Number of protein chains: 2
Amino acid sequence: MDTQKYCYEYPRPALTTDCVIFGFDGIEINVLLIERGIEPFKGKWAFPGGFVRMDESTEEGAKRELFEETGIKDVFIEQLYTFSDVQRDPRGRVVTVAYFALVKTSEYQLLAGDDAMKAQWFKLKDVPSLAFDHDLVLRKAHNRLKSKIRNQPIGFELLDAKFTMPQLQLLYESILEIKFDRRNFSNKIMKTGLLIQLDEKVPNVPHRAPRYLMFNKKKYNELQSSGFNFEI
Amino acid sequence: MDTQKYCYEYPRPALTTDCVIFGFDGIEINVLLIERGIEPFKGKWAFPGGFVRMDESTEEGAKRELFEETGIKDVFIEQLYTFSDVQRDPRGRVVTVAYFALVKTSEYQLLAGDDAMKAQWFKLKDVPSLAFDHDLVLRKAHNRLKSKIRNQPIGFELLDAKFTMPQLQLLYESILEIKFDRRNFSNKIMKTGLLIQLDEKVPNVPHRAPRYLMFNKKKYNELQSSGFNFEI
DNA sequence: ACAAAAGTGTTTGGAATACACCCATGC
DNA sequence: GCATGGGTGTATTCCAAACACTTTTGT
């Protein structure tokens with residue numbers, strides 16, 4: 001066929017990236033999905049993703065697709081796992097390098113859904129059955145997020161610059177699916193020394209107003225470079 | 001060209017696997033390398049690996065290459081990371097899915113080195129500068145091994161069925177590059193309940209003979225399924 | 001008997017957990 | 001003033017780290 005113009009001595013799988021995007025709505029953890037407009041799996045939800053170009057690494061490809069399909073850029077992103085099951089795509093042999101990203105949801109409006117591409121946040125526990133092997137991808141991503149948040153301060157990637165201790169606790173509880181004691185959680189977090197308390201308080205709440213906090217990125221970088229570890 | 005018979009509408013990177021193989025010689029941790037007989041990087045050392053076939057997953061490919069190049073099979077193997085830098089292979093665009101494997105060295109004789117393929121164990125700290133981006137791959141593999149050995153009993157994949165506490169300690173110390181107190185190490189390990197003490201002792205040593213231990217795989221599987229965690 | 005390395009138990013300090021009262025705000 | 005949720009400190013428990021003497025074996 002005339003369009004088949006890239007030829008090789010041995011067959012090659014197609015290479016794609018997919019991106020699991022986590023966001024936090026202040027109550028619980030969410031995942032951004034895109035509804036497929038075409039077969040296979042038309043009408044099913046899936047992670048944004050696409051083919052890797054020859055002049056970009058998989059990470060660059062994942063970032064590019066993320067931006068093209070959702071408008072999101074400059075966020076935390078990390079390689080998750082490569083899925084290569086021979087049968088994972090009914091169209092043929094497709095290997096995908098999955099990434100996961102953490103997004104401050106307030107900084108992005110979802111692109112208005114034309115018919116071709118509808119993006120939507122789903123509560124993690126309400127995610128429906130997904131296209132391809134994306135159920136498996138999501139499970140792996142959630143596990144990674146769980147283990148990662150316990151020893152790296154990635155929670156702050158999901159929160160606005162200013163946030164409160166109860167918000168942070170909800171975030172941890174939602175990701176880890178466990179409850180913390182309010183006092184112990186606060187103690188442990190503050191003992192890391194990575195939070196700055198602001199004098200400003202949350203306005204217009206019908207109860208004692210929580211104070212705003214900020215993540216001390218500078219302090220974290222210092223601790224990082226002196227080989228420091230923490231554990232929540 | 002006539003040999004270029006697999007054609008696609010868009011260009012595709014080549015897909016390979018590479019395998020970082022760790023072994024333990026009773027004193028310290030070793031890595032198995034293969035000397036390259038052809039360009040690029042002819043004469044340099046690299047990890048065993050090769051192209052992924054269309055009818056196998058990357059993990060199956062990694063296991064196949066491992067067996068073909070070293071005779072090793074049925075060992076612990078796990079996906080490490082996918083390396084996709086555009087420039088990582090001078091021959092063109094090659095993306096590699098790296099794996100790491102843990103081997104009981106006593107169970108394998110290295111294949112006698114014909115001129116095409118020479119395999120050799122290197123002490124981890126004596127590994128020379130490697131071909132491709134394999135220095136980076138090795139660093140990543142070592143980091144993974146370090147973090148993994150602290151909360152999964154993978155150390156036993158590197159030891160014979162019967163081993164001693166001092167051996168186990170040397171193994172941990174070699175991987176983690178730290179020293180443990182003999183008494184605390186023993187206490188901590190035994191408290192996991194994953195070791196069975198045998199009555200048999202090491203023969204012919206010019207000092208008090210250590211007892212042999214065995215890993216209690218059955219117990220571990222039980223604990224696993226009841227959602228158990230440990231930390232060394 | 002001596003050298004070399006293994007086996008073992010106790011004490012101590014720090015971290016994690018459990019736990020309860022007071023405070024600020026809007027209605 | 002009442003309902004709601006936020007802020008804070010202490011007592012206790014448990015785990016990790018520090019630490020030294022005795023035992024076994026070959027020479």
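Here are some notes:
- The modelled label-to-label distance between B:F76 and B:E56, using points 7 Å beyond Cα along the C-beta direction, is 2.3 nm.
- Virtual paramagnetic centre 7 Å along Cα→Cβ of B:A161, amide N under 15 Å, in the range B:210-232: B:212-218
- For A:K201, a cut-off of 22 angstrom between C-alpha atoms picks up these lysines, skipping any fewer than 8 places away in its own chain: A:K104, A:K162, A:K188, A:K191, A:K217.
- The range A:1-146 - share of DSSP beta bridges that are antiparallel (%, nearest 5): 70 percent
- Our analysis of the protein assembly as shown gives Rg over Rh at 1.00, with the two radii drawn from alpha carbon positions and Rh computed by the Kirkwood formula.
- For A:D135, the distances from its label point to the matching points in the remaining copies are 4.5 nm, ordered from shortest, with each point set 7 Å beyond Cα toward Cβ.
- Phi-based couplings in Hz for the range A:172-182 (Karplus 6.51, -1.76, 1.60; Gly and Pro marked x): 4, 5, 5, 6, 8, 6, 9, 9, 10, 6, 3
- Between B:Q87 and A:R139, the simple label model (points 7 Å from Cα in the Cβ direction) yields a spacing of 4.1 nm.
- Separation in nanometres of the label points that stand 7 Å from Cα toward Cβ, at B:K218 and B:E68: 4.0 nm
- For B:F228, inter-copy separations between label points set 7 Å beyond Cα along the Cβ vector come to 3.6 nm, shortest first.
- Sorted from closest to farthest, the other copies place their B:E107 label points 4.8 nm away, with each point set 7 Å from Cα along Cα→Cβ.
- Computed [θ] at 222 nm, helices only, for the protein assembly as shown once each DSSP H run of length n ≥ 4 contributes -39500 (n - 2.57): -8000 deg cm²/dmol
- Shielding by partners for peptide A:50-57, expressed as the average number of C-beta atoms from other protein chains within 10 Å of each residue's C-beta, is 4.
Coordinate-derived values only; no laboratory data. What you see is a predicted model, and the numbers here were worked out from it, not measured in a lab. No Cβ is skipped: glycine too gets one built from the backbone with ideal geometry, and neighbour counts run over all protein chains shown.
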